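Working notes for the structure below.
The values are calculated or read from the model by the stated rules, or taken from the named source; none is laboratory data. Not measured: the values here are computed from a predicted model. Cβ coordinates were reconstructed from backbone atoms using ideal geometry, including for glycine residues, and neighbour counts include every protein chain displayed. With ligands, DNA and RNA removed, areas are computed over all heavy atoms of the protein, side chains included. Shrake-Rupley method; radii C 1.70, N 1.55, O 1.52, S 1.80 Å.
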Amino acid sequence: MAEAAPLPEGTLVLIAGAGRLPELVAESLNRTHRPFRLIALRGFTDRSLRARADATVDLLDLAAILKLLRRWGPAVMVPAGGVSRPSPAALLNAGAALRNRETLRAIAGGGDDRLLRAALALVEEEGHRVLGVHEAAPDLLCPEGRLGRLGPDTEADASIRTGRGVLDALSPYDLGQAVAVSGERVIAVEGPEGTDRMLARARALGRKPFGRGRALPATVLVKAPKLGQDLRIDLPAIGPRTVRNAAAAGCVGLALEAGGTLVIDRVATAAEADRLGLFLVGYRPGAGP
């Protein structure tokens, strides 16, 4: 367990989940000389990062997290990395930290956004501020324009417009943050299974009408946060693996909302898109592709 001494002013508390993102955030904070302490989530945080953690806690052990933060004093927290949705038992165990069991029951019956938003609200009620990765490490976000050598042609631009419209329309329903489209035809919409599995479905569904394994023309993966989404909770993200899966699904490129989508290992991701002949672009919210 970390020292009980209060945090120096300006120190961030990085809550590390699974995947490469927490390490990238830590590297970004180091580059910008922002001091931070690290809380690892048991069973999620990668071993190398967990070894450097100031504390390790169980997912949704809100009582332990709040106790630790009380020792450190008012903190600015940055959650980063993936976590799977807790089991009903884990939700009930977290209930002791909430004053209203009915509130917990309502949270458990909603989407992941509602669950995580409630956890953040509880932390903020204790006087702590919560920042998103987009605020703590903005250099990790997709910029506007091309990330690689290629750009979309006219047909791909039409697919991007369709995809953006679909994502905007579906935002109120707590669905995924990505869609595979060809022109005005929607091939697959991301659900709880995530982008990679959606692309696997798109690979099968998009090829059927043409036979002989040919994909629908101008197929594009479009990815963006939901309208009104709390970006501190679940920023959409891609990496080299996403590019490979998009290529396997017959996509000609990927279009990401600039400033609202994380690009994991940007240099490697852009290089993979170039290698596979896909465009990779960031578009400005509210503007044409």
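Mind checking which residues of the stretch 248-263 are open to solvent by 30 Å² or more (accessible area, probe 1.4 Å) and aliphatic (A, V, I, L, M)? Can you show your working first?
Initially, the stretch 248-263 is screened for residues open to solvent by 30 Å² or more (accessible area, probe 1.4 Å), giving 248, 252, 257, 259.
Ala248, Val252 - these are the residues of the stretch 248-263 that are open to solvent by 30 Å² or more (accessible area, probe 1.4 Å) and aliphatic (A, V, I, L, M).
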Among the residues of the stretch 215-270, write down those that are polar (S, T, N, Q) and over 25 Å from Leu120 (Cβ atoms).
-> Thr219, Thr242, Asn245, Thr269
State yes or no: is Leu254 over 24 Å from Ser28 (Cα atoms), part of a loop (DSSP other than H, G, I, E, B) and in contact with a Phe, Trp or Tyr (Cβ under 8 Å, 6 or more places away or on another chain)?
-> no
The stretch 36-75 - residue that is in contact (Cβ under 8 Å) with a residue 60 or more places away in the chain and surrounded by 18 or more Cβ atoms within 10 Å (Cβ to Cβ) and, of those, farthest from the chain's Cα centre (by Cα) = Trp72
Selection from the stretch 236-251 of residues out of contact with any strand residue (DSSP E or B) (no Cβ under 6 Å at 6 or more places or on another chain) and either assigned to a helix (DSSP H, G or I) or not aliphatic (A, V, I, L, M) (or both) yields Gly239, Pro240, Arg241, Thr242, Val243, Arg244, Asn245, Ala247, Ala248
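Could you count how many residues in the stretch 221-233 are surrounded by fewer than 22 Cβ atoms within 10 Å (Cβ to Cβ) and touching a Leu at 6+ places or on another chain (Cβ under 7 Å)? Lay out the reasoning, then the answer.
Going through the stretch 221-233, the residues surrounded by fewer than 22 Cβ atoms within 10 Å (Cβ to Cβ) turn out to be 225-233.
Going one step further and asking which of them are touching a Leu at 6+ places or on another chain (Cβ under 7 Å), we end up with 225, 232-233.
The number of residues fulfilling the criteria is 3.
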Of the conditions (1) buried (at least 16 other Cβ atoms within 10 Å of the Cβ); (2) at pLDDT 80 or above; (3) under 22 Å from the mean Cα position of the chain (by Cα), Leu122 clears all except one; give me its number.
-> (2)
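At pLDDT below 90 and open to solvent by less than 60 Å² (accessible area, probe 1.4 Å): which single residue out of Pro79, Pro88 fits that description? Steps first, answer last, please.
Details: Pro88 fails: open to solvent by less than 60 Å² (accessible area, probe 1.4 Å).
The match here is Pro79.
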Going by the conditions given, is Ala268 surrounded by fewer than 21 Cβ atoms within 10 Å (Cβ to Cβ) and hydrophobic (A, V, I, L, M, F, W, C)?
-> yes
Conditions (1) more than 26 Å from Gly277 (Cα to Cα); (2) open to solvent by 50 Å² or more (accessible area, probe 1.4 Å); (3) without any contact (Cβ under 8 Å) to a residue 60 or more places away in the chain: number failed by Gly191 | (2)
Run Tyr173 past the list (1) without any contact (Cβ under 8 Å) to a residue 60 or more places away in the chain; (2) crowded, with 20+ Cβ neighbours inside 10 Å and report the number of the one that doesn't hold.
-> (2)
